[in-house]
């Protein structure tokens, strides 16, 4: 009877060994599967990297062409060559279609408002009617003269900065005087 337990022990050992081998085979299969996935992803990465490099080269070429086009242009660009704020020095007494009335100009001069730029600066913080002697009719005259001025500008300056500042002041979007 001693032989039987030895055979049983050997059978258990064989079964344990087979279970361990089977476990190792499963583990090895999982490792191989994961290695294959890692390789696929690495290949995809390399393809994306190559595509990104090609796209970058195309982008750099387009930028270089654009720079060359910009730098080779020697002709004057009248709209771009003007001083962006040359309108600021235009004297109010030079506006003539319609002109600002002499009496209105005199009231503005007292407040040291003689140019479109000075009027724009004043209008950022004040209403034009804050100038002594300027009422509704004078305000309308000033706006008509400025509207005509802005419409004749070679640049597309459709909005009068003084008027925009006055509108912003009135709607709470601009600075106010205190």
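Read-outs throughout are calculated quantities, based only on the coordinates presented, and are distinct from any laboratory measurement. Computed from a prediction, not measured in an experiment: that's the story for all the values here. Backbone-built Cβ (ideal geometry, glycine too); neighbour counts: all protein chains shown.
Can you give me the distance in nm between label points at residue 8 and residue 41, each placed 7 Å from the Cα along the Cα-to-Cβ direction?
So the two model labels end up 5.0 nm from each other.
If you average over every viewing direction, what projected area does the convex hull of the Cα atoms of the range 15-56 give, in nm²? Don't jump to the answer; show the numbers that get you there.
On the way: hull surface 9.5 nm².
Averaged projected area of the range 15-56's Cα convex hull equals 2.4 nm².
Rg/Rh for the range 84-127 to two decimals, with Rh computed the Kirkwood way over all alpha-carbon pairs.
Details: Rg = 10.3 Å, Rh = 10.7 Å.
Rg/Rh: 0.96.
Suppose R0 equals 22 Å; then what is the FRET efficiency for residue 152 and residue 91 from their Cβ-Cβ distance, rounded to the nearest 0.05?
On the way: r = 15 Å, r/R0 = 0.68.
Computed FRET efficiency for residue 152 and residue 91: 0.90.
Average projected area of the Cα convex hull of the range 1-74, in nm²?
Its Cα hull, projected and averaged over all orientations, spans 5.2 nm².
What is the extension gain from residue 64 to residue 23, computed as 0.36 nm multiplied by their sequence separation minus the C-alpha to C-alpha distance, in nm to one decimal?
Details: separation 41, 0.36 × 41 = 14.76 nm, distance 6.09 nm.
My answer for the length gained is 8.7 nm.
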